[in-house]
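Read the figures in this text as sums done on the coordinates, not as results from a lab. Everything numeric in this text was worked out from a predicted model, so none of it was measured. Quick reminder, even Gly has a Cβ in these numbers, built from the backbone with ideal geometry, and neighbours come from all protein chains shown.
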Amino acid sequence: MRLVDRLLLAFAPPLAALIIRLLHLSIRRKVLGQERLSDEWQRGQNVIISFWHDQLLMMVLGYPGKKARILISASKDGELIARVMRFFGQDAVRGSSSRGGRAAFKHLLQISKEPTDLVITPDGPKGPRHQLKDGVVQLARLSGRPVIPMAFVCSKGHRFASWDRFLFPYPFCRGVYSFGEALTYQRGESTESFRERIEQAMIHNQRTAEDYLEARGETAV
C-alpha cells in the first residue's frame, strides 16, 4: 500500500465520522415509518435494510438499532467506508457483485441466522443508479428475512458527479428519513417479481420522503 493510501486510511475515517455527526446534529430531521422497523423487532424478527448508494453518508445515524452488518465493497473506497462505520459501532461484510461477491453472499447468509440486521445498497458498487440487483432478492428469499426500504432526502446539498450522484447534505438543511413497508418473499413467487416489488417499494419510499419536503414548500436535491 502506498504511503498516501496509508495516511488516507489513518486520518480520513475519524474526520469523516466527525463530519457525519456534526451534519446530523445540524439537520432539521424528520423520521417517517420507523414503527415498521420497530414492529419487526418486537416480533423478534431481524431485517434486511435496503437503501440506494447515493444516500449512504447519513444512513448510519438514521438507523435506530444498536448494531448491523453492512455489505461494503472490497475496493479501496470500500475499506475507507468500512473504517468510518467502525466509529459508529457497525461492522462490515466485504464484497460486491464485481469483487468477492460469492464469498460475501455466503457470509451474509450465515450471519442471517444471528440476531443482527443486515444492510445492503442494492445498486452498488457501480450502478446502474437506482436499479436493484439480485443480491438483496436472493438474500431475502433464502434467509426468509423481510426487506425494509430506507431512504434519506434533504432540502439543500451537493450532488457529486459520480455514477450514483452521491449526496452530501448541507448543514442546517431539512432532512427526512423514511422507512417503507416490510417485504417478504412469497412461496412460489418468481425472483423477478420479488425484485420488482422491492425496487418499486424503494422508489415509493423515497417519494414519500420527497413529498414530505414538498408539503413544506421545499424540494429534495
For segment 144-201 versus segment 1-38, the gap between their alpha-carbon centres in whole angstrom:
18
Whose amide H sits under 5 Å from the amide H of ALA68, counting only residues 5 or more places off or on another chain, with H placed in the peptide plane?
ASP91
Shape verdict for segment 139-209, please, from the Cα gyration tensor: rounded (a/c under 1.5), prolate (a/b greater than b/c) or oblate.
prolate
For segment 67-122, which trypsin sites (Lys or Arg not before Pro) are both in a DSSP coil and crowded by at most 10 other Cβ atoms within 10 Å?
LYS113
Taking only Cα atoms and a 10 Å spring cutoff, compute GNM fluctuations for the chain and point out the largest among HIS24, HIS107, HIS130.
HIS107
Ignoring GluC sites (Glu not before Pro) buried by more than 14 other Cβ within 10 Å or outside DSSP loops, the longest site-free run in the chain is 1-180
Scattering profile of the chain from the Debye formula, Cα beads only, expressed as log10 I(q)/I(0) at q = 0.10, 0.12, 0.13 Å⁻¹, is -0.43, -0.63, -0.74
For segment 77-88, Karplus-derived ³J(HN,Hα) couplings (6.51, -1.76, 1.60; θ = phi - 60°; whole Hz; x for glycine and proline) come out as 5, x, 4, 4, 5, 4, 5, 5, 4, 5, 5, 10
At what distance in nm do the modelled label points of ASP77 and ALA161 sit from each other, each positioned 7 Å from its Cα along Cα→Cβ?
1.5
Most mobile of SER26, SER155, SER190 per a Gaussian network model of the chain (Cα springs, under 10 Å)?
SER190
Taking a crude spin-label model, label points 7 Å out from Cα along the C-beta direction, the PHE168 to LYS30 distance in nm is 2.7
Summing -39500 (n - 2.57) over every DSSP H run of at least 4 residues in the chain and dividing by its residue count gives a helix-only mean residue ellipticity at 222 nm, to the nearest 500 deg cm²/dmol, of -14000 deg cm²/dmol
